[in-house]
Each structure stands twice: as C-alpha cells, then as structure tokens.
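Where a number appears in this text, it was derived from the coordinates with a stated rule and is not lab data. These numbers come from a predicted model, not from an experiment. Note that we place each Cβ from the backbone using ideal geometry, even for glycine, and neighbour counts take in every protein chain shown.
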Amino acid sequence: MPKLDNQTIQLALVVAVAAAFVLQAIVLFAALLVLRKLAKTVRQEIEDLRDAAMPILENTRELVERVKPRIEETTEDLAQVARALNVQVADVQSAAGEMLLRARQQADRLDSMFSSLLDAVDRIGVMMADTVAKPMRQVSAFLASARAVVESLRNP
C-alpha cells in the first residue's frame, strides 16, 4: 500500500476541489442554457399574446371612439328629459295645490250654505210650531173651558 503523506493528501484535496468547481461550472452552464431557452419561450409567448391582444385592443379603442359621441348625445338627451320632467312635475304640483285650495274653498262654501239652510229650516220649524201651537193652545184652552162650563152645568 502506498504511503500517504501530506503532499499526496493535499494533491488529492486540490483535485477534489477542482473537480467540484468543474462540476459546479457544468451545472451553472446547464442552468444558463435552460434559462436562455426558457427566456426565448417566454418571449415568444409574450409576442404571441401581444399579437393576439393588439387587434382586440385596437377594435375596442375604435369602438369606444365610435360610440363616445352617441353616449354623450344620449347623456345630454337624458339630462334634457330630466329637466323637462322636473318642470312638468313642478307644474303638476302647482296645479294640484290650486285644485286642493279651490276644493277647500268650495267645501267651506258648501258648509256655510248647508249651515244657513239648516238654520233657516230650524227657524221655520220654530215659527211653524209657534204659529200652529199658539192657535192649538187657544183652541184647546177654549175647549177645556167649554167642557168645564158644560160639566159645571151638568152637575147640580
């Protein structure tokens, strides 16, 4: 068996470290190649995505440009309709207020007319009662006195 001295051990260690460096360099080079290939694939996918997305974005931009004036016109029309509705609602509220005021005035007028009518009927009733009741009392009193006279003549 050969003798292992310091120089032989150092030489073996240097060879092992050099082999480790060479192995590490090979692994790093392989990783570089894989990353380069991955970068090319990603770049190609991005280009494909850009090629597919750009027409859609252009069409969308054109559509927005074409529709924008119509949207603005529609918005203006809606604002005008809203203003007109506000004016009409104010007119309707005003007319309804006037109608309610007139209805209240007519109700008050009818109330006073019916009150006057009922008062007149009551006065007529009292007057009729006085007109009829007074002669009736007089006739009743006359009859009572006649009966009393007849009764007194009948009794001895």
Point to revise | Filtered residue count, segment 136-156, keeping only those that are surrounded by 10 or more Cβ atoms within 10 Å (Cβ to Cβ) and either touching a residue at least 60 places away in the same chain (Cβ under 8 Å) or not hydroxyl-bearing (Ser, Thr, Tyr) (or both) | key: 13
Revision key, fill the gap. Here the residues within segment 60-84 that are surrounded by 10 or more Cβ atoms within 10 Å (Cβ to Cβ) and charged (D, E, K, R) are Arg61, Glu62, Lys68, Glu72, Glu73, Glu76, Asp77, Arg83
